[in-house]
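The values are calculated or read from the model by the stated rules, or taken from the named source; none is laboratory data. No experiment lies behind these values; they were computed from the predicted model shown. Heads up, the Cβs are rebuilt from the backbone with ideal geometry, glycines too, and the neighbour counts pull from every protein chain shown. Just the protein is used for accessible areas: all its heavy atoms, side chains included, with ligands, DNA and RNA removed. Shrake-Rupley method; radii C 1.70, N 1.55, O 1.52, S 1.80 Å.
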Amino acid sequence: MTVVAVDGPVGSGKSTVVRRAAARLGYVYLDTGAMYRAVGLLAMEAGVALDDEEGLVALARGAGLAFDGDGRLFAGGRDVSAAIRSLEMGAAASQVSALPGVRRLLVEEQRRLAGSADIVMEGRDIGTVVFPDAAVKIYLTARPEVRAARRTAELRAEGDEVDEAEVLDALLERDRRDSTRAVAPLRKAAQAVELDTSEMTLDEVVAAVVAIARGQAGP
Ligand code: DC
């Protein structure tokens with residue numbers, strides 16, 4: 001089992017990069033942010049407050065989260081992959097992910113889902129908490145303005161006519177919350193290779209991640 005842990009803030013290009021890098025390496029891909037987003041979505045649908053830790057843990061426990069081979073996420077058999085992608089669900093995910101009980105449950109689930117597979121897992125705390133012994137740790141980052149521009153393009157491609165300045169504000173707020181929370185804050189793991197993708201194309205980032213993974217994963 002080889003674990004490649006990829007962490008970094010929103011808009012660092014993680015999702016696309018990691019999915020492609022996993023395919024090239026022949027590894028399983030797991031997007032842990034999607035799981036926090038799904039809990040946020042289910043909470044909003046069920047009318048559970050985003051700071052009701054007990055209610056959210058119960059919801060997460062009964063959520064029946066499962067990924068298919070294409071990285072689509074299901075909750076109790078329903079495909080929620082598209083519904084969790086909005087700006088609103090990103091904010092909801094950031095709130096529910098600050099709660100220790102929710103994290104404990106989802107981290108356990110992430111370790112279980114990884115099983116004994118060769119896997120590339122992306123999130124905020126994969127190299128620091130979920131798999132502190134991961135063979136490969138990468139921290140992807142980029143300047144906030146670049147990240148906001150990328151997020152805006154992604155959201156618009158999905159038909160969400162967002163304003164870039166608003167996206168930048170939401171992103172800075174999410175960075176602040178994710179990196180200052182008491183439990184598992186976003187930070188670079190000690191041994192992680194940091195990659196600033198501000199001036200890199202998607203192909204270049206994918207190639208760099210694959211090269212780092214191959215170089216550090218051992219034979
Ligand atoms: O990567 P993303 O934007 O889909 O993540 C959504 C939110 O979930 C993000 O604001 C922080 C949280 N998250 C987390 O706390 N830990 C993870 N491993 C992944 C995501």
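Here, P(r) means the percent of Cα pairs in each 5 Å bin from 0 to the largest distance; for region 43-125 it is 3, 12, 23, 28, 23, 8, 3, 0. Probing with 1.4 Å while keeping every protein chain in the model, the per residue accessible area of region 87-219 equals 47 Å². Here the accessible area of region 67-171 is 49 percent carbon and sulfur, with a 1.4 angstrom probe and all protein chains present. When the Gaussian network model of the chain links Cα atoms closer than 10 Å, the mean-square fluctuations of Ala21, Ala207, Ala184 top out at Ala207.
The tail of the calculated P(r) for region 31-75, taken as Cα-Cα distances beyond 14 Å, holds 44 percent of the pairs.
Look at the dipole of region 7-83 built from charges on Cβ: of Leu42, Pro9, Leu59, the Cα furthest out on the positive end belongs to Pro9. Charging the Cβ of each Asp and Glu at -1 and of each Lys and Arg at +1, and nothing else, the dipole of the chain about its Cα centre rounds to 700 debye. For region 92-213, the dipole from Cβ point charges (+1 on Lys and Arg, -1 on Asp and Glu) about the Cα centre works out to 740 debye, to the nearest 20.
Couplings 3J(HN,Hα) of region 181-193, computed from phi: 5, 5, 9, 6, x, 5, 7, 6, 5, 3, 8, 6, 7 Hz, in residue order, whole Hz [Karplus 6.51 cos²θ - 1.76 cosθ + 1.60, θ = phi - 60°; x for Gly and Pro].
For region 81-93, 3J(HN,Hα) computed residue by residue from phi via the Karplus equation (6.51, -1.76, 1.60; θ = phi - 60°) reads 3, 7, 4, 7, 7, 5, 4, 4, 6, x, 5, 5, 4 Hz, glycine and proline entered as x. Note on region 8-55: semi-axes of the ellipsoid equivalent to its C-alpha gyration tensor, largest first and rounded to whole Å, are 30, 11, 8. Charge dipole of region 102-167 (Cα centre as origin; +1 on each Lys and Arg Cβ, -1 on each Asp and Glu Cβ, all else neutral): 400 debye, rounded to the nearest 20.
Close amide H pairs (under 5 Å, H built 1.01 Å from N) link Val136 with Val3, Ala5, residues at least 5 positions away or on another chain. Coupling constants for region 99-112 follow from the phi torsions by the Karplus curve (6.51 cos²θ - 1.76 cosθ + 1.60, θ = phi - 60°), and in residue order they are 8, x, x, 5, 4, 4, 5, 6, 5, 4, 4, 5, 5, 5 Hz; glycine and proline get x. Amide H contacts for Asp118 (H built 1.01 Å from N in the peptide plane; partners 5 or more residues away or on another chain; cut-off under 5 Å): Thr2, Val28.
The alpha-carbon atoms of region 1-95 define a convex hull whose volume equals 112 cubic angstrom per residue. For a distance above 24 Å, tell me the whole-number percent of Cα pairs in region 98-216 that qualify. Cα-Cα pairs in region 98-216 separated by more than 24 Å: 38 percent. Across the options Pro100, Gly76, Met89, the greatest Cα extent toward the positive end of the charge dipole of region 62-107 (unit charges at beta carbon of Lys, Arg, Asp, Glu) belongs to Pro100.
Once you divide the Cα radius of gyration of the chain by 2.2 N^0.38 Å, the number left is 0.95.
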